[in-house]
Amino acid sequence: MSQRATPLDAVVLRIVSSREADTGMLADLINQAFAIYPFMTEDRTTPDGVAEEAGDSARFILAQAEGRTVGCAMIRPATHIGPILETNRRKPGLDEMYYGLASVDRAAMRGGIGRSLLRRAENEALAAGFTKVVLGTLREMGNVEYYAALGYRTIGTEDFEAGHWAISIPHQEHEMLKDLVP
């Protein structure tokens, strides 16, 4: 991916269906973004893995600048996530949209692209009649605090030993939810 910073005002967000998505490009972007965590022992996903997580009902929000994709996130009805979140012990509500695979090009991190992706996901959820957004994240990635600052609350946790999900340290998955206000 790019080695130069991308100003937020140069980024355009667009949405593509799971059928239109370039799963190879998305897998590369996702893996590059997740590679910042030294405890990841394998790539986060593959092109087939992206397609499997997306299924038929997902859409991808793409952050693009100068003809390249610098960020992405997947959205889909939470009732369609199936086994994606192994830790999901509750039945998702019909009013919940799932947000996942959020990734930003390393050179563009900390520039507001991630927040723009999330804000667009929340707006898409409201436009589609959803009143909540749910996501899963790991405490060890620092994302619990990040999402909490944006109005998400933990609604469930599960602890895992090292080796689960190709992560070399014990880790805690958080299911987080935000009630949307139209």
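Remarks
- Max mean-square fluctuation residue, GNM over the chain, Cα-Cα springs under 10 Å, options 70, 134, 12: 12
- Near the amide H of residue 105, within less than 5 Å, lie the amide hydrogens of 71, all on another chain or at least 5 residues away, with H placed in the peptide plane.
- Eigenvalues of the alpha-carbon gyration tensor of the chain, scaled by 5 and square-rooted, set the equivalent ellipsoid semi-axes at 22, 21, 16 angstrom, largest first.
- The stretch 117-140 and the stretch 20-46: distance between their alpha carbon centers, rounded to Å: 21 Å
- 10 Å Cβ shell holding at most 16 others, DSSP loop, GluC sites (Glu not before Pro): longest site-free stretch of the chain: 87-160
- Derived scalar couplings between HN and Hα for the stretch 95-110 equal 8, 10, 9, 8, 10, x, 6, 5, 8, 10, 3, 3, 5, 9, 4, 6 Hz in order, rounded to whole Hz, by the Karplus curve 6.51 cos²θ - 1.76 cosθ + 1.60 (θ = phi - 60°), x for Gly and Pro.
- Spin-label pair residue 91-residue 12: with each label point 7 Å from Cα along the Cα-Cβ axis, the two points sit 4.3 nm from one another.
- One decimal place: the segment residue 131-residue 42 gains 28.5 nm when fully extended, by the rule 0.36 nm per residue minus the C-alpha distance.
- Here the Gaussian network model covers the chain, with springs between Cα atoms less than 10 Å apart; of 58, 107, 149, 149 fluctuates the most.
- Only Cα pairs under 8 Å and 6+ residues apart enter the sum, and on that basis the relative contact order of the stretch 8-179 stands at 21 percent.
Laboratory data are not the source of any read-out in this text; all were calculated from the coordinates shown. Quick caveat, the model's predicted, so the values are computed rather than measured. Cβ coordinates were reconstructed from backbone atoms using ideal geometry, including for glycine residues, and neighbour counts include every protein chain displayed.
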